[in-house]
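A quick write-up on the structure given underneath.
The values are calculated or read from the model by the stated rules, or taken from the named source; none is laboratory data. All of these numbers come straight from a predicted model, not from anything done at the bench. Cβ placement follows ideal geometry from the backbone for every residue including glycine, while neighbour counts extend to all protein chains displayed. Remember, those area values only see protein heavy atoms, side chains included, never the ligands or the DNA or RNA. Shrake-Rupley method; radii C 1.70, N 1.55, O 1.52, S 1.80 Å.
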Amino acid sequence: MLVVRLFILFLGLMVGWLAAGLLLGSAPGPLVLVNTLSLMLAGLLTAVLSLNRLERWVAGWLARFNTWYDRLSPRTVAAATFGLIVALLLSVLIGNLMRSLPFYSWIMSLTTTLILSVFFVGFAVQHADAFGILSFPQVRRKPGSKILDSNVVIDGRIVPLVQAGFLDGELVVPGFVLRELQTLADHPDAQKRTRGKRGLAVLEDLRQVRQLRVEDWDDANLSTVDDKLIRLARDTGGKLVTNDGNLTKIAKLHGLTVLSIHEAAVALKPQVQAGDQLTVVITKNGQQAGQGVGYMEDGTMVVVEDGLKLRGKLARVLVVNNVQTNVGRMIFAKLDREGDAA
């Protein structure tokens with residue numbers, strides 16, 4: 001960054017100027033000017049040589065500061081500010097009392113202020129929940145709440161999961177997610193309109209199973225729904241429920257807990273090992289000659305060696321290998337010796 005580089009170069013000049021003031025205080029006038037310029041130039045050149053390393057260090061420090069700043073909640077800031085105000089007021093009162101002491105000095109007042117600030121700010125931050133009325137904007141914090149994303153609502157599998165009791169806690173639907181679904185439902189494109197109407201219908205079905213809370217919080221400074229979801233989950237301490245892979249990665253980088261119904265569905269698929277017996281319908285040919293392809297009930301592809309001759313029929317096969325790919329799981333099998341099960 002240009003600002004960081006200019007600051008480092010200016011810092012090098014200042015270090016050279018300070019060094020000249022310490023080393024050349026008693027030298028003759030003209031010599032002082034020449035030596036001061038030489039030391040400032042030396043400081044500038046030193047800054048140039050170490051510019052890349054210092055720039056990376058400053059950039060890393062700024063990144064950590066931004067991460068810490070983004071994680072600050074309004075209640076924490078309000079609590080710290082209130083504690084600092086109390087500490088400053090008490091330090092003024094105590095300072096006026098200490099001025100009558102014969103050994104009083106400004107160091108005593110400064111030390112008292114620091115001690116009171118550390119105590120009251122630390123105490124207030126530990127009890128930040130008590131200062132919610134002083135902060136804004138506020139969102140309701142309830143441990144264990146689940147914040148629903150639009151894609152997981154449109155997916156629809158959340159309804160049977162809630163019915164089965166696998167998703168406990170309070171279900172939260174942000175207002176901006178509702179507006180996104182409404183925009184989709186009114187979209188001129190038929191496919192998007194269908195998705196939006198499906199999402200609204202799923203919410204209606206979900207409301208019959210579990211009480212939903214609509215969170216009206218919004219932040220006009222955040223342009224995308226994903227950014228708003230991350231900020232809402234961070235401020236409320238809730239868990240984000242989504243099937244968006246990119247949103248999942250970004251949310252986890254922010255230290256959030258993400259529940260993915262798609263990942264849960266993949267994890268709950270039955271594990272098939274070599275030697276297991278399956279019964280599938282050969283529906284099409286594979287990539288290699290004679291191969292047949294069938295599918296299990298969960299959609300897992302089964303590639304059967306020499307299975308093309310049983311196309312359209314129910315075949316009993318033995319699992320040979322189980323391969324996990326980036327698009328899903330594939331099972332390689334061969335025909336059972338007992339032959340066709342149909």
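Here are a few things to note about the model shown:
- Mean separation of Cα contacts under 8 Å, 6 or more apart, over the residue count of the chain: relative contact order %: 10 percent
- Listed candidates [x] 144; [y] 279; [z] 243 - label of the one calculated as volume of the Cα convex hull per residue in Å³: [y]
- The magnitude of the dipole of the chain, with charges of +1 and -1 set on the Cβ of Lys/Arg and Asp/Glu and taken from the Cα centre, is near 200 debye.
- When the Gaussian network model of the chain links Cα atoms closer than 10 Å, the mean-square fluctuations of LEU222, LEU181, LEU18 top out at LEU18.
- Each DSSP beta bridge with both residues in the chain is either parallel or antiparallel, and the antiparallel ones are about 55%.
- DSSP-loop trypsin sites (Lys or Arg not before Pro) across segment 51-116, with at most 14 other Cβ within 10 angstrom: ARG71, ARG99
- Taking the longest Cα principal axis of the chain as reference, the axis of helix 51-70 is set at about 70 degrees.
- Shown for the chain: the carbon plus sulfur share of the solvent-accessible area, taken with all protein chains present and a 1.4 angstrom probe, equals 62%.
- Per residue value of the accessible surface for the chain (all protein chains in place, 1.4 Å probe), Å²: 63 Å²
- Loop sites here are chymotrypsin sites (Phe, Trp or Tyr not before Pro) outside DSSP states H, G, I, E and B with no more than 16 other Cβ atoms within 10 Å. The longest part of the chain free of them is 167-342.
- Rounded to the nearest 10 degrees, the angle from helix 175-185 to the longest Cα principal axis of the chain is 40 degrees.
- Between helix 2-23 and the chain: long-axis angle, C-alpha atoms, 0 to 90°, nearest 10: 30 degrees
- Fully extending the segment from GLU263 to GLN182, taken as 0.36 nm per residue of separation minus the present Cα-Cα distance, adds 26.5 nm.
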